[in-house]
Amino acid sequence: MHVTHLSLADFRSYARAEVPLGPGVSAFIGPNGQGKTNLVEAVGYLATLGSHRVASDAPLVRAGAERAVIRAAVVEGERRQSVELELLPGRANRARINRSAPVRPREVLGIVRTVLFAPEDLNLVKGDPDGRRRFLDELVMARAPRMAGVRSDYDRVLRQRNTLLKTAAMARRHGGRAMDLSTLDVWDQHLARAGAELLAHRLSLVQALEPLTGKAYEQVAPGEGPVAMEYRVCPPPGSGAEGQGAGAGGRAPYGEAPAVLHERLLAALREARPKEIERGVTLVGPHRDDLLLRLGQLPAKGYASHGESWSLALALRLASYALLRDEGPEPVLVLDDVFAELDTRRRERLAELVAPGEQVMVTAAVAEDVPAVLAGTRFTVSGGRVERGDG
């Protein structure tokens, strides 16, 4: 699969941009702040319905404009499609496939598939759990686009349940009458149902991803492993030490069916309810879980060196790429300003690993940052203009 044309209107710094693309390597070269990342960010948005840089859509719309539009032409084998997303901050975004009538944005998921590696990915190793949860969920949805609906349902139920808990907590703190919380039983069922399906997909993903991550780490940093991954469920109140949860030692119950996970989540919610009412927030569920990464016998977070952390972040993305490539159309691989962050050894190893990809997009401040093995089409990006030239 590859993108043959990218069109932007009022997206980030671009009033308009028309970028012809093709298989192989496309490198976007230009000083910082000129719009290189904006181009690959747009491609990534088509694949994930989100940005790797910001949490909301508002910054993606050019200053003074009311909306932004991203369009792409995509080729998968003999099949050609076009996909369009219209970003409308404060309103529901709109989407079109092959210029048809508008569809829900999540219906375009799977048309463009990407794996994007950026400097922000260091937070997958060093950062908070929410970044690792987002990493897992984006990959879950890339493998099974319908899971976007499940994740949306989970988030909606979680908001409703938290609103009820917050109201109950405030009433309790201010000496008001106790609220009727019988509706919590209904929300528990909804949360556990969507949560169990999301959890089952995350667990399946982690099992598939772990050996691929270990292999990729060995390729990037020979002899520095091994790598281990462990999905950690949130510990329900009363479970004892931090990290003790629905599985032994806090480990998730790998291989269990969604129906079993549903019952486990319901039981955890029942146990957590007194403290949830006290705190006014949902304390149990996939929104609280984490992915533990280990190098050797130690957790990577807090123990891995800067170079080891970079290598592990790279390995996670390379493993994601290998997984998606093996399971379906080969994704577009995007390397956003990463070569300048790597030492010479890691830079050369990464370039050799990704060079055979069907479509690779690279951004760099200077041409010298792009290894020679990634010779291909070069674009100069400056002042809102994208000009093509052979590299």
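The values are calculated or read from the model by the stated rules, or taken from the named source; none is laboratory data. Remember, predicted model here, so these are calculated numbers, not experimental data. Every residue, glycine as well, gets a Cβ built from its backbone with ideal geometry; the counts of neighbours run over all protein chains shown. Side chains included, ligands, DNA and RNA excluded: accessible areas come from the protein's heavy atoms. Shrake-Rupley method; radii C 1.70, N 1.55, O 1.52, S 1.80 Å.
Laid out as a table, the results:
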item: Heavy atoms of Arg349: accessible area, 1.4 Å probe, square angstrom to 10; result: 80
item: In nm, spacing of pseudo-spin labels at Tyr303 and Asn32 (7 Å Cα→C-beta vector); result: 3.3
item: Within straight-line cross-link reach of Lys275, lysines at Cα separation under 18 Å, skipping those fewer than 8 residues along the same chain; result: Lys166
item: Length gained when the stretch Met170-Ala73 is fully extended (0.36 nm per residue, less Cα-Cα span); result: 29.8 nm
item: Filtered trypsin sites (Lys or Arg not before Pro), segment 49-93: DSSP coil and at most 11 other beta carbons within 10 Å; result: Arg91
item: Tilt relative to the chain, helix 306-327 - C-alpha long axis, 0 to 90 degrees, to 10; result: 90
item: Sites matching GluC sites (Glu not before Pro) across segment 313-361 that sit in DSSP coil, with at most 16 neighbouring C-beta atoms within 10 Å; result: Glu358
item: The chain: antiparallel DSSP beta bridges as a percent of all, rounded to 5; result: 70
item: Antiparallel DSSP beta bridges within segment 22-181, as percent of all bridges there, nearest 5; result: 95
item: Distance between modelled label sites at Arg80 and Val186, nm, 7 Å Cα→Cβ extension; result: 5.1
item: Helix-derived mean residue ellipticity, 222 nm - over the chain, DSSP H n ≥ 4, -39500 (n - 2.57), to 500; result: -13500 deg cm²/dmol
item: For the chain, the longest site-free run once chymotrypsin sites (Phe, Trp or Tyr not before Pro) in DSSP loop states with at most 15 other Cβ atoms within 10 Å are removed; result: 1-253
item: 1.4 Å probe accessible area per residue over segment 1-116, in Å²; result: 43
item: Residues of segment 318-391: accessible area per residue with a 1.4 Å probe, Å²; result: 43
item: Local electrostatic count, Glu41, Cβ distance below 10 Å [Lys/Arg +1, Asp/Glu -1]; result: +2
item: Once the Cα gyration tensor of the chain is diagonalised, semi-axes √(5λ) in Å; result: 38, 26, 18
item: Sulfur and carbon atoms: percent of accessible area, the chain [1.4 Å]; result: 49
item: In degrees, nearest ten, helix 147-173 long axis to first principal axis of the chain (Cα); result: 40
item: Computed lengthening from Glu387 to Arg134, 0.36 nm per intervening residue step minus Cα-Cα distance; result: 87.7 nm
item: Sorted largest first, extent of segment 1-138 alpha carbons per principal axis (Å); result: 42, 36, 33
item: Whole-number percent relative contact order across the chain, with pairs defined as alpha carbons under 8 Å at least 6 apart; result: 25
item: Rg to Rh quotient for segment 80-191, alpha carbon positions, Kirkwood Rh; result: 1.10
